[in-house]
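The numbers here are math on the coordinates, done by the rules we state, and not lab data. Given the structure is predicted, the values throughout are model-derived calculations rather than measurements. Note that we place each Cβ from the backbone using ideal geometry, even for glycine, and neighbour counts take in every protein chain shown.
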């Protein structure tokens, strides 16, 4: 039996939809926690006396751990399996959220964000690997959109929930709540042990290839480059949007928090639309390659609206520009996340996703530092928005020219032929 047939044989359980619901919940709680920091950033900056450069350093503590955890976490997912790996990641992230209640300094806040990222980093590789194991090829675009939408829906709901909890209980209790929710998720995830097919668990112990083989594939470099340029812009919106609305647009913390949900509602639409549209086109007879690349091309054009955001004065205008840009960004992103599951065998998807996410973490650290310094120097966000806009046509060129055809690679056969 070949690899594709083997994978298809385990991807028929109706229980896969429950697994997908749990992946959605995990990403939802992760981004709920991220938005606690983002929405309350003006409050925390005032309490701890931070400027924008200091805030960027806090974020980079997160991104440093996120990058390392993403890289090594993906490899761990392939070694011990997504079931155990996701549980460990969930426990680590939830404990870090709870520890935020004890923070009393900038260093303490940075340390807690570092710990939080250590648990959050392996989540995406774990989700990608789980989808590759549980879902057939034509369903992977939709399934990836669903678990990714947990992040965008979490980011949508968080501003309203965070402002409400902050007003009633303070910022420490808000972090505590996300930690408790994470512990409950781990308990539910571990309770489903008997639902995991024994064949799926056994395969990870017997099928393995050295990581060096991945870097000999053109497609690997293509997906690495895509994430290098995509994620920094997404995290720009996640962590800097409330600050931008307060500092540049003159809104209050409450008003900024209540306005932030609108662009992230658009992100929900983009996330679900991107992968779902690719899956729909494949069901209509399009090839995997054609379906994903057409959606990514349309998405990249929409993303260029981000450049107009700092140039618009009326609230409805710059919010509309954000929404169009973020819809495109998430359509592109959902396709970008599913591409590794289409290109590589499921036994390697965790490793691939980890390495690719590591590239994203490195670029996010670089761009975050650039944002903090440039805003402190210029007093506005014009340069970050313009630089972010340059990334979009670059990503489109990479998608069309570097990735190559999006179709399953037989790593062992390629290496045997070269030998």
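Label sites at residue 107 and residue 57, each approximated as a point 7 angstrom past Cα along Cα to Cβ, lie 1.1 nm apart. Sorting 407, 133 by the number of Cβ atoms found within 10 Å of their own Cβ, with the fewest placed first, yields 407, 133. Summarising the label geometry, the points placed 7 Å from Cα in the beta-carbon direction at residue 380 and residue 218 lie 4.4 nm from one another. Packing around the peptides 310-316, 222-228, 82-88, taken as the average count of other Cβ atoms within 10 Å per residue, puts them in this order, highest first: 222-228, 82-88, 310-316.
Judged by the gyration tensor of its Cα atoms, with axes a ≥ b ≥ c, the stretch 143-185 is oblate; a/c meets the 1.5 cut and b/c is at least as large as a/b.
Cβ crowding within 10 Å ranks 79, 293, 167 as 167, 79, 293, fewest other Cβ atoms first. As a proxy for reagent exposure, 100, 292 were ordered by neighbouring Cβ count within 10 angstrom, fewest first; the result is 100, 292. Just checking my list [x] 23.5; [y] 24.5; [z] 21.3 against Kirkwood radius over Cα pairs in Å computed from this structure; which label fits? Calculated Kirkwood radius over Cα pairs in Å: the matching label is [z]. Relative contact order, whole percent, for the chain stands at 28, derived from Cα pairs under 8 Å and 6 or more residues apart. Indicate the gyration tensor shape class of the stretch 128-167 (rounded, prolate or oblate), computed on the Cα atoms with a ≥ b ≥ c the square roots of the eigenvalues: a/c under 1.5 is rounded; otherwise a/b larger than b/c is prolate and the rest oblate. Here the stretch 128-167 falls in the prolate category. Distance from the C-alpha centroid of the stretch 335-408 to that of the stretch 66-122: 21 Å, rounded to the whole angstrom.
Packing, taken as the mean count of other beta carbons within 10 Å per residue, orders the peptides 325-331, 262-268, 41-47 from highest to lowest as 325-331, 262-268, 41-47. Between the C-alpha center of the stretch 246-298 and that of the stretch 166-188 there is a gap of 27 Å.
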